[in-house]
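The values are calculated or read from the model by the stated rules, or taken from the named source; none is laboratory data. All values reported here derive from a predicted model rather than from experimental measurement. We place every Cβ from the backbone using ideal geometry, glycine too, and count neighbours over all the protein chains shown. The protein model used for the area step is the full one, side chains on, heavy atoms only, and it has no ligands, DNA or RNA in it. Shrake-Rupley method; radii C 1.70, N 1.55, O 1.52, S 1.80 Å.
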Amino acid sequence: MTSLVSKLMAEFLGTALLLATVVGSGIMGVNLSAGNAGIALLANAAATSGVLYVLITLFAPISGAHFNPAVTLVMRMRGELGTVQAIAYIATQIGAACAGVILAHAMFELPLIQPGVHMRSGGAQWLSEGLATFGLVLTILIGARHRPGAMPALVASYIFAAYWFTASTSFANPAVTMARSLTQTFAGIRQVDVAGFVMAQIAGALLASVMAGFFVPHKRIAPNSLVSSKTD
């Protein structure tokens, strides 16, 4: 069995690299798009979905590749991992996400910590985050049962699409949301807006867990067959 230390290392590396990609590709996209927000978002979405495919493929056999406290919470509720492991996963994911943002800033020679200034608040934004997380968790729960080998592609494809069909550009991840409040770049969010996003994400994840029961009767899945991500 993979040790808890190895699982936490996988969650740390995966989450940190995910955030470095989200923020770094946002910076690069803006720098190269000459102010065209559509091109910047396309670059951001493509880079994020691409790295998700790689990270899930590499780390799912080790930790399940959650990279997302909302997913870890649902897996704990479904009995896929214990309370201590779930708490350790979530703490690791949050710390790693912040480290990934700092790493992206360092690569582009920006101040390492920048309190977010992008306003992302209101009913439309919260609905978007709830829906984005609902779809992500539903994809994971149903995909893990019926198409486990396709999980990297399923999650990456969903996140790419969710960047474009949600008004919030699909954060869908509490750790990602908290970490992105530390940047003033394309991917940022104001710290005051974080709580609303996180509550919507958790609500969406819990609703997905309930809805999945209508399609997939609950049966414990081997923890290392489960995966997840973020976004944007």
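Structure notes:
- Rounded tilt (10° steps) of 123-146 against the dominant C-alpha axis of the chain: 40
- Note that region 63-199 carries a Kirkwood radius of 15.6 Å, evaluated over its alpha carbons pair by pair.
- Nearest 10 degrees, 0 to 90: helix 151-165 Cα axis against the chain principal axis: 40
- Of the solvent-accessible surface of region 139-186, computed with a 1.4 Å probe and all protein chains present, 66% belongs to carbon and sulfur.
- Dividing the C-alpha radius of gyration of the chain by 2.2 N^0.38 Å, with N its residue count, gives 0.93.
- Calculated mean residue ellipticity at 222 nm for the chain: -23500 deg cm²/dmol, from DSSP H runs with n ≥ 4 weighted as -39500 (n - 2.57), summed, divided by the residue count and rounded to 500.
- With bins 10 Å wide beginning at 0, the percent of Cα pairs of region 103-166 falling in each bin runs 18, 31, 30, 19, 2.
- J(HN,Hα) series, region 200-210, from Karplus relation 6.51 cos²θ - 1.76 cosθ + 1.60, nearest Hz, glycine and proline x: 5, 5, 5, 4, x, 5, 5, 5, 5, 4, 5
- Backbone phi angles across region 98-110, fed through the Karplus curve with coefficients 6.51, -1.76 and 1.60 (θ = phi - 60°), yield HN-Hα couplings of 5, 4, x, 5, 4, 4, 4, 4, 5, 5, 9, 6, 10 Hz in residue order; Gly and Pro are listed as x.
- Shape call, region 60-127: gyration tensor on alpha carbons, a/c limit 1.5: oblate
- The spread of Cα positions in region 24-137, taken along each principal axis and listed from longest to shortest, comes to 49, 33, 28 Å.
- The packing ranking of peptides 28-41, 124-137, 98-111, highest mean first, is 124-137, 98-111, 28-41, where packing means the average number of other beta carbon atoms within 10 angstrom of each residue.
- Excluding ligands, DNA and RNA, the accessible surface per residue across the chain is 41 Å² with a 1.4 Å probe.
- Per-residue ³J(HN,Hα) for region 57-63, Karplus 6.51 cos²θ - 1.76 cosθ + 1.60, θ = phi - 60°, Hz, x for Gly and Pro: 4, 6, 9, 4, x, 9, 10
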